[in-house]
Every structure is written in C-alpha cells, then in structure tokens.
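Structure record follows, encoded as structure tokens.
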Amino acid sequence: MTLSEQLPHLIQTYGYWLIAGIVLLESMGVPLPGEAVLITASVYAGTTHDLDIGLVIAATVAGAVIGDNIGYTVGDKLGYRLLLSVAPRLGITERKIKLGQYLFRLHGGKVVFFGRFVAILRVLAAFLAGVNRMPWHRFFLANFAGAAVWATTFGLAAYTVGNTIHQVAGPIGAVVLVVAAVALVAAGVLLRRREAELEERAVQALPGPLERP
C-alpha cells in the first residue's frame, strides 16, 4: 500500500501534525504528496467534521513556509553541488532541474508564487531561489502568498466536496464523490502534460550539461 493510499487513515490518526509534516518535507525537497494530503484532509474535514478546515489550511501554510525557508537556506548555503548529488536519489531528473532553472530565469519571484501549484516546483523552487541568491525578503513574501493562496484554494474546494457528500446521502452523494474524483484526476493529467511541455522547452533553451548558476 502506497503512502497516498494510507493518507485517510494517517490523517485520521495524526491530524494537523501529519498535514504540516508532509507539506514541510515536500517543500524542503523530498518528493512527498503534499497536495494530496491537503486535498484528502480537506475532504475528510468536510465529510466528518473531525478536523477544522481553517486549521487544515493553517497547518498546510505553516508546513509550506517553514519547509520552503529551510530549502531556501540549504540552497543559499550549500548550493548547486548538493542538488546534483542528491537529485538522482530523490527521482529528480536533469530535465526537471533544467525546468526549474529555465522558469526561474524567466520569471524569478513568480516561480516561487506559482510554483506552489506545480508538483516539481513545489520541490525545487525554494532551493533554486537560494541557489540563485534571490533576496530573502522577496522570496518570503512570494512564498507566503503562494502557500496561502494554494492552501486556501485547494483546501476550500476539497472541503466543499466533502461537505456536500456529508449532506447528500445515498446515491447522489456517491455520484458527487465520483464526479469530484474524476475532476481532480483530469486536472492532474492536464498539469502533468503542461509540465512535460515546459520540460521540453527548458531542455531546448538549456542544451548540454547542467549549468551551474
């Protein structure tokens, strides 16, 4: 059983600490399902009301901001050599590193803000901000704003789904759950396709060996 499959039970057992911890580790650079834990916890909060959606969002934002600041500090102090040494162990390919470099060069602080919505950039954006010596105050503002908008948007949307399922019993509730699941899967597929397109652009823009910033 994968971690994603165990999330409902783990969230029920450990609550807000698990949410903050997984998001924190993902933000530090460990490829964990941060977005999945946010969505699962929010649906669980709406369905059972055993968790408070405000605290789910707060735990997510706290984990994201703390984790990203640790990632930024590691990137700033230890830099690019560390990224190249640990990336293969974490399943981060050269294409994904180039994607981070490419987007960071083009958009800077926008990558930190919008990177919260893209899986690979949630793992790499803070580290690359440190590696590229982005001023900390600019990083912190973009990071906090991105984390807050991401957690609130996905959290409230998933909570609404869970609350609807709770209020509408029987077959209708099951239909709502199926439709919501299909919508989330479709959104994930579209994001992965977009990510693959951007990776190809990054490889074309940065041909050859990886460049040290």
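The numbers here are math on the coordinates, done by the rules we state, and not lab data. Just so you know, these numbers come straight off a predicted model, no measurement behind them. As a convention, Cβ positions derive from the backbone with ideal geometry for all residues, glycine included, and neighbour counts pool all protein chains shown.
What order do you get for Trp150, Trp136 when you list them from fewest to most C-beta neighbours inside 10 Å?
In order of increasing Cβ crowding within 10 Å: Trp136, Trp150.
Post the alpha-carbon centroid distance, the range 126-143 to the range 62-81, in whole angstrom.
9
What full-extension length gain, to one decimal in nm, is calculated for Ile66 and Arg105 as 0.36 nm per residue of separation minus the Cα-Cα distance?
11.6 nm
Starting from the Cα of His9, step 7 Å along the direction of its Cβ; do the same at Leu82; then give the gap between the two resulting points in nm.
Placing both labels 7 Å along Cα→Cβ, they lie 3.5 nm apart.
Would you order Asp50, Asp76, Asp68 from fewest to most other beta-carbon atoms within 10 Å of each residue's own beta-carbon?
Least to most surrounded, the residues fall as Asp50, Asp76, Asp68.
Which ordering of Thr13, Thr73, Thr47, Thr60 is given by a fewest-first count of other beta-carbon atoms within 10 Å?
The fewest-first ordering by Cβ neighbours comes to Thr13, Thr73, Thr47, Thr60.
Points 7 angstrom from Cα along the Cβ direction at Phe117 and Leu55: gap in nanometres?
Distance between the two pseudo-spin positions: 3.0 nm.
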